[in-house]
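A short write-up of the structure that comes next.
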Amino acid sequence: MAFPMVFLKLANWVLYQLLANSCYRAARKVRKSSQHPSLFPSLAKCGLDKRGSHTLVCDIQGTLLRSQSFFPFFMLVAFEGGSIARAFLLLLSWPILWLVDYELKLRVMIFISLCGLRLKDMESVSRTVLPKFFLENLNFEAYKVLASTGSKVVFTSVPRVMVEGFLKEYLGVADVVGSELQTVGGFYTGLVGESGLLVKHRALKEYFGDANPDIGLGTLSLHDHLFISLCKEAYVVHKEDITSSTIMPREKYPKPLIFHDGRLAFFPTPLATLCMFMYLPLGILLAIFRIIVGNYLPHKFGMMLGFWSGVHLEVKGHKIPPKSNHHQKGVLYVCTHRTLLDPVFLSMALGKHLTAVTYSLSKMSELISPIKTVRLTRDRKQDAETMEKKLSEGDLVVCPEGTTCREPYLLRFSSLFAELADDIVPVAINSHVSMFYGTTAGGLKCLDPLFFLMNPNPTYCVQILPKLPRELTCAGGRSSFDVANDIQKQLADALGFQCTTLTRRDKYMMLAGNEGMVRRP
């Protein structure tokens, strides 16, 4: 019995020392910050006029971003670039991270998030996932100061690879100096480079030499005070100044955010991530339940159970007029494309079975679909024959964007549908999720419907617009391109979206580096 008691006492002493030292350091930091008020004016005092020739230096953490913690961005890397297990391990580390000092916290987050991660996976996350969350977290007031200057250099202790792409592409930053990471054979080791974590005031001296930058932005921390004291003018971002008014409106984004990837639809703070993991088992069961009732129960009964499980369907618009008498073809419903479930929810809204044509659809999505789906080949002549045949058999649904778009934009419409039907009904479809996106460009598309249905309260809005008058169709003498463009504009106006000339190929080349073809097993 003596050895176990000695071991327990030793473990208790070690734990006490760790906690005591961590708490002591935390209390010391609080006391120091309270005893040393800022020597520099608030960011609000910085004028924006005649700054075009000035050089600005700042950090992204706590200055350009409203969030004081970088944990959510490491969580995005762990979840989207790594795996759910890596993300769970990072979440488990949070209670310990909360106790230790900043440098150790950063090193631990880097190690858990990036150890064993492929370089190309990190590059993909930094290019397709992080920019959306950076833009939504951007401090609008700090950005206005940044945008007013001619030259911008960011110094940060977070890994350069996480922020450089966003800062240069979206904010026009000339150079980014950050912590470098070790790599071996195309993988990250999770360790910082030989020079260690970047010390900003030292890096600034090495970068500018004897010259002093014109403007420095920082936080209330003593390290930032030392950093910005090397500038001709220095301003501090106060925590109490970060309010809802500092959120950058979408219309003010320096570059439109049209495409982004990743599954998480929320900002993964520690509390939000904990709630997600607690909900996950229930979410999987809910998705399976919703798929079963949608496929195997009568239409009305399935809708009732789906509504009871949290799925919300909002239907508005016009009644469908009878088909034209001069031909026997079905009605062609032309929809915006938000997820693979668009035709399913349209079918539920109309209360009748429809056939959907699509380009890239996984075998799994075909198997669980409660309506008939027909795969197109991207051979224009063959696809036209297929759609003609299906229209002769009944009503048909087509999404001429050819792929989904999450943001309030519509991609260019393919004009093929306009050549095949005279009874055309535009349908404005939009969807809303709170936890998981039901679309992906670089992930497993077969899981798209499952992720959408895993959301606690997924919402679909279906707005049926008036049937296109005959004089506005190809039968009335208009070109198929004019018809497609007019319908795109009608749907964009109905949803409050913007039309673009971007295509499906543009999306996949930007997000996944391929043309997005799904090969059948």
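What the table below lists for this structure:
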| quantity | calculated |
| --- | --- |
| Stretchable slack from GLU385 to TRP98, in nm (0.36 nm times residue separation minus alpha-carbon distance) | 97.1 nm |
| Heavy-atom accessible area order for THR377, THR339, largest first, 1.4 Å probe | THR377, THR339 |
| Solvent-accessible area per residue, Å², over the chain with all protein chains present [probe radius 1.4 Å] | 48 Å² |
| Segment LYS252-LEU313, length gained on full extension (0.36 nm per residue, minus Cα span) | 18.8 nm |
| Correct choice for semi-axes √(5λ) of the Cα gyration tensor in Å that was computed from the model, options (1) 53, 26, 21; (2) 50, 29, 19; (3) 42, 25, 18 | (2) |
| C-alpha long axis of helix 270-296 to longest principal axis of the chain, angle in ° | 10 degrees |
| Calculated FRET value between MET509 and LYS168, using beta carbons and R₀ = 30 Å, to 0.05 | 0.95 |
| Nearest-0.05 FRET efficiency for GLU136 and LYS45, computed from C-beta distance (R0 30 Å) | 0.70 |
| Calculated log₁₀ intensity ratio I(q)/I(0) where the Debye formula runs over C-alpha points of the stretch 39-252, q = 0.15 Å⁻¹ | -0.98 |
| Label-reachable residues, the stretch 164-207, where backbone N falls under 20 Å from a point 7 Å from GLN498's Cα toward its Cβ | 166-173 |
| Relative packing of peptides 143-149, 192-198 - highest average C-beta neighbours within 10 Å first | 143-149, 192-198 |
| Net dipole in debye of the chain [+1 Lys, Arg Cβ; -1 Asp, Glu Cβ; about Cα centre; nearest 20] | 700 debye |
| Ranked order, MET304, MET509, MET348 - accessible area, probe 1.4 Å, largest first | MET304, MET509, MET348 |
| For the stretch 137-201 and the stretch 35-102, distance of Cα centres in Å | 11 Å |
| C-alpha center-to-center spacing [the stretch 403-466, the stretch 217-292] in angstrom | 26 Å |
| Fraction of antiparallel bridges per DSSP, the chain only, in percent to nearest 5 | 25 percent |
| Sum of -39500 (n - 2.57) over DSSP H runs of 4+, divided by residues of the chain (222 nm, nearest 500) | -12500 deg cm²/dmol |
| List LEU89, LEU453, ordered by accessible area with a 1.4 Å probe, largest first | LEU89, LEU453 |
| Rounded percent of accessible protein surface that carbon and sulfur make up, the chain, 1.4 Å probe | 60 percent |
| In Å², nearest 10: area of PHE451 left accessible to a 1.4 Å probe | 40 Å² |
| ARG505 accessible area, assembled protein chains, probe 1.4 Å, Å² | 120 Å² |
| Computed label-point distance, nm, for sites TYR207 and GLN68 using a 7 Å Cα→Cβ extension | 2.4 nm |
| Amide H partners (placed H, <5 Å) of LEU191, local residues excluded | GLN182 |
| Inter-probe distance in nm under a simple model that places probes 7 Å from Cα toward Cβ, at HIS299 and CYS275 | 3.7 nm |
| Under Karplus coefficients 6.51, -1.76 and 1.60, residue-wise ³J(HN,Hα) of the stretch 412-422 in Hz, glycine/proline x | 5, 7, 5, 8, 4, 4, 5, 7, 10, 9, 9 |
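The values are calculated or read from the model by the stated rules, or taken from the named source; none is laboratory data. Model, not experiment: these values are computed from the prediction. As a convention, Cβ positions derive from the backbone with ideal geometry for all residues, glycine included, and neighbour counts pool all protein chains shown. To get the accessible areas, we keep the full protein, side chains included, count just its heavy atoms, and leave off ligands, DNA and RNA. Shrake-Rupley method; radii C 1.70, N 1.55, O 1.52, S 1.80 Å.
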